[in-house]
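To start, the structure itself, in structure tokens.
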Amino acid sequence: MSAPHIQFLRMTHLRGPNIWTYRPVIEALIDIGDLEDCPSNTLPGFNQRLTAWLPGLIEHRCSVGERGGFLQRLEQGTWPGHVLEHVALELQTRAGMQTGFGKAREAGPRGIYKVVIRTRHETVSRQALLTARDLILAAIEDRPFDVPGEIAKLTQMVDSLCIGPSTASIVDAAADRGIPNIRLNDGNLVQLGYGHRQRRIWTAETDRTSAIAEGISKDKDLTKQLLTMCGVPVPEGQIVDSPQAAWLAAQDVGLPVCVKPTDGNHARGVSLELSLREDIEAAYDIALAEGSEVIVERFIRGEEHRLLVVGEQVVAVNKGETASVTGDGVHTVLELIELQINSDPRRGEEEDFPLDTIRLDEHTTSVLELKRQGLSADSVPEAGREVLIMRTGNMSMDVTDLVHPDVAAQAVLAARVVGLDIAGVDLVVQDISKPLGPQGGAIVEVNAGPGLLMHLKPATGKPRPVGQAIANHLFKSEDNGRIPVVGIMGDGDTTRPAKLLAWLLHLKGLQTGLSCADGLYLNQRRLAAKEGMDWAEAQRLLINRGVQAAVFESDARHLLAQGLPYDRCQLGIVTRMPKAQGLDDLYPGSDEKMPTYVRTQIDVVLPEGTALLNAADPQVAALAEHCDGSVIFYADDEHLPTLSAHRSQGGRVGFWRDGQLVLAEGAKEHLVLSTQRPAITRLLKTDTLQTQDMLVAACAAWALDIGTDLIRAGIKSYGTQPTV
């Protein structure tokens with residue numbers, strides 16, 4: 001055998017529901033060449049090297065359906081395409097991008113395979129496939145491969161490219177409720193819901209978080225003034241403009257004091273319990289380095305707490321803890337910080353770590369803490385000596401169940417006074433299970449965009465479902481953020497009925513978007529002319545906050561090459577089963593395979609939605625079994641067995657009878673329109689519409705609760721309205 005190779009012929013990002021799954025995937029078309037003759041059980045040492053490098057493969061159940069299933073397939077003999085799938089998935093998992101779905105299928109020609117993996121970010125998954133290919137070839141040829149190094153590279157990509165864990169907790173909670181989401185930028189700006197029913201989040205800020213409220217929260221002095229006016233206990237304080245003024249203010253408000261920036265965050269630049277002039281003046285410089293102004297406040301005795309307020313309730317509370325090291329007589333303070341504090345797996349530089357690493361430089365409060373203890377970063381504390389490094393910023397202990405109702409009420413009031421719908425309220429109190437006022441506790445800060453990770457991954461105590469709380473705050477229990485979405489697919493016969501249905505929805509008074517082969521439309525005005533259908537163009541309709549309903553025409557090529565531009569639909573229509581002819585570059589297989597692809601249009605129909613199917617096409621009619629919702633059959637002939645049987649069971653059907661369009665549910669009939677009417681005759685003679693188009697659109701409109709009078713008037717008036 002010549003040198004083994006696995007060649008990528010093409011990688012396709014299917015960004016929406018597709019022939020493989022509801023979720024976005026990367027579909028790789030590969031050529032394994034002579035490895036087609038070399039299943040895994042014929043490659044000496046391959047399985048052992050692979051599992052030694054990636055021991056997590058034992059968790060892959062594969063088609064066997066049990067832990068270790070994939071390893072069984074390796075021992076029995078499986079081909080490189082299948083191995084590539086599992087190795088790429090495992091690399092993604094090791095890098096922190098959890099995905100479990102994958103497929104590997106022969107594409108037709110010998111040695112050509114389609115390998116599919118679930119993706120949460122296209123760039124990461126593309127690289128995972130490339131790395132998996134290189135790893136497999138190294139294992140086959142018994143060459144060294146730096147698995148930890150490659151996983152580290154992928155991990156860095158995940159950290160920099162994927163949405164952060166706080167945002168993900170909200171998105172996942174919304175998804176659990178059936179609320180769709182669209183990522184709007186490379187950061188954490190995410191849309192929940194579609195069209196005019198959408199909401200937007202940016203980590204823990206929402207489209208209800210006003211710029212005024214955020215500006216107030218950043219101004220600590222203004223925040224305190226407003227809270228004081230409303231009777232919320234806050235520490236007395238003064239803004240100062242020099243180290244000397246800081247000392248004078250400290251004497252004024254009473255020692256000891258806290259010195260901090262007026263517009264800082266994450267406890268950076270905050271120095272606590274200062275009584276000496278030199279410490280207070282040094283703390284001024286530290287605070288100024290982290291903000292634009294410095295405030296000196298009366299020091300509140302007690303423990304620091306962070307209360308997460310969402311809407312009108314406190315949903316999570318964490319208590320702070322100090323960070324200390326213990327001397328051993330050998331290592332410096334700086335070395336002890338690395339050994340005893342920064343080695344904690346909860347600490348890191350990225351957002352998904354609940355605690356920050358501690359870095360010493362001239363502007364950190366830790367330097368001042370050391371100085372107050374007669375130490376510096378280079379000091380070597382004697383064995384057993386406890387050295388305080390940091391007093392603030394370590395909110396790691398969940399105490400939500402201990403919070404007194406008065407404390408929670410004060411925190412909610414503070415958030416409301418500032419104007420924030422989601423707020424991180426910092427307070428200092430000796431016992432959070434008792435009322436705030438009698439024990440001299442006070443609220444010291446109200447923050448916009450609070451971190452959520454401390455509540456999702458506390459060091460001690462229960463994780464709190466804060467993402468769920470925010471999703472429920474944005475969407476009431478009966479609201480899934482969806483607008484009526486219609487998907488229509490066929491074999492070159494769907495553009496006219498799609499445009500007619502969009503017209504009927506427009507007449508109903510809905511701001512209606514349409515993506516079809518002729519272009520992109522909003523309220524009958526063409527926004528973009530294009531040849532064929534495009535995923536990104538179509539999704540513009542779902543991002544548009546003015547859209548109240550949307551119709552999407554798709555075809556087999558669009559489905560195979562891009563996926564659907566929406567996750568689920570209220571109405572899924574299939575008019576005719578397409579053929580495989582003309583799709584050779586996508587390796588679709590024979591015509592017999594097409595129903596397994598086109599069923600995607602019906603798979604995505606919501607349980608409360610409807611599938612509209614052509615009863616005259618047996619392959620289309622058979623898709624009814626894949627619908628989670630109800631079904632409407634249509635055909636020219638009302639006596640067609642499929643249609644008649646459905647109607648006899650009380651189902652809804654549409655058909656033509658002696659030139660009359662009839663919509664029927666069981667024995668009840670609605671006569672919609674006649675081909676003898678002059679307006680209908682005009683449409684047919686000018687080939688503006690065909691009778692099949694009218695039937696499909698009428699049935700679809702009926703499924704969307706448009707009355708027969710409006711359907712009749714809409715079809716008769718179609719083509720007379722000006723279009724741009």
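The values are calculated or read from the model by the stated rules, or taken from the named source; none is laboratory data. From a predicted model like this one, the values you see are computed outputs, not experimental measurements. All Cβ positions, glycine included, derive from the backbone under ideal geometry; neighbour counts span all protein chains shown.
Among what's in segment 181-190 and is touching a residue at least 12 places away in the same chain (Cβ under 8 Å) and surrounded by fewer than 20 Cβ atoms within 10 Å (Cβ to Cβ), pick the residue that is farthest from VAL310 (Cα to Cα). Applying the filter and picking the extreme gives ASP186.
Residues checked against (1) polar (S, T, N, Q); (2) assigned by TED's automatic domain parsing to the domain that holds VAL333; (3) out of contact with any Leu (no Cβ under 8 Å at 6 or more places or on another chain):
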| residue | (1), (2), (3) |
| --- | --- |
| SER366 | yes, yes, no |
| GLU369 | no, yes, no |
| GLN373 | yes, yes, no |
| SER379 | yes, yes, no |
| GLU382 | no, yes, yes |
| MET395 | no, no, yes |
| ASP398 | no, no, yes |
| PRO405 | no, no, yes |
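Taking segment 408-433 as the search range and keeping residues that are over 33 Å from the mean Cα position of the chain (by Cα) and outside any loop (DSSP other than H, G, I, E, B), which one is surrounded by the fewest Cβ atoms within 10 Å (Cβ to Cβ)? For segment 408-433, the residue satisfying everything is VAL428. Against the test of being modelled with pLDDT of 95 or more, buried (at least 21 other Cβ atoms within 10 Å of the Cβ) and within 42 Å of the chain's Cα centre (by Cα), the options ALA664, ALA703 yield a single qualifying residue, ALA703.
In this structure, does THR12 turn out to be in a strand (DSSP E or B), of a type in the set (Val, Ile, Thr) and within 30 Å of LEU606 (Cα to Cα)?
Against the criterion (in a strand (DSSP E or B), of a type in the set (Val, Ile, Thr) and within 30 Å of LEU606 (Cα to Cα)), THR12 qualifies.
In this entry, THR512 is excluded by the filter for residues that are of a type in the set (S, T, N, Q), farther than 25 Å from GLN238 by Cβ and surrounded by fewer than 24 Cβ atoms within 10 Å (Cβ to Cβ). Applying a threshold of 6 Å to beta carbon distances and a minimum spacing of six or more residues, or different chains, the list of pairs starting in segment 673-702 at a residue that is assigned to a strand (DSSP E or B) and ending at one that is of a type in the set (Gly, Ala, Ser) reads SER674/GLY659.
Looking at segment 527-539, is at least one residue without any contact (Cβ under 8 Å) to a residue 24 or more places away in the chain, in a loop (DSSP other than H, G, I, E, B), outside the structural domain of ALA107 (by TED's automatic domain parsing) and among the small types (Gly, Ala, Ser)? So far as segment 527-539 goes, yes, one or more of its residues are without any contact (Cβ under 8 Å) to a residue 24 or more places away in the chain, in a loop (DSSP other than H, G, I, E, B), outside the structural domain of ALA107 (by TED's automatic domain parsing) and among the small types (Gly, Ala, Ser).
Summed over segment 658-672, the residues that are of a type in the set (A, V, I, L, M, F, W, C) and assigned to a loop (DSSP other than H, G, I, E, B) give a count of 1. Only helices (runs of 4 or more DSSP H) whose full extent lies in segment 17-102 are considered here, and the ones with at least 2 residues that are at negative phi and either in contact with a His (Cβ under 7 Å, 6 or more places away or on another chain) or among the hydroxyl-bearing types (Ser, Thr, Tyr) (or both) are 69-76, 80-94.
Applying the criterion of being in a loop (DSSP other than H, G, I, E, B) and in contact with a strand residue (DSSP E or B) (Cβ under 6 Å, 6 or more places away or on another chain) to the residues of segment 194-218, the residue that is surrounded by the most Cβ atoms within 10 Å (Cβ to Cβ) is ALA204. Is one or more of the residues making up segment 269-291 modelled with pLDDT of 90 or more, closer than 30 Å to VAL412 by Cβ and outside any strand (DSSP E or B)? Looking through segment 269-291, at least one residue is modelled with pLDDT of 90 or more, closer than 30 Å to VAL412 by Cβ and outside any strand (DSSP E or B). Checking each residue in segment 636-657 for being in contact with a Ser or Thr (Cβ under 9 Å, 6 or more places away or on another chain) and over 21 Å from VAL605 (Cα atoms) picks out ASP636, GLU638, TRP656. Among the residues of segment 86-97, none qualifies, meaning not one is within 26 Å of the chain's Cα centre (by Cα), under 30 Å from PHE353 (Cβ atoms) and free of Cβ contacts under 8 Å to residues at least 24 places away in the same chain.
Screening ALA411 on (1) among the aliphatic types (A, V, I, L, M); (2) at pLDDT below 95; (3) touching a strand residue (DSSP E or B) at 6+ places or on another chain (Cβ under 7 Å) shows it passes everything except condition (2).
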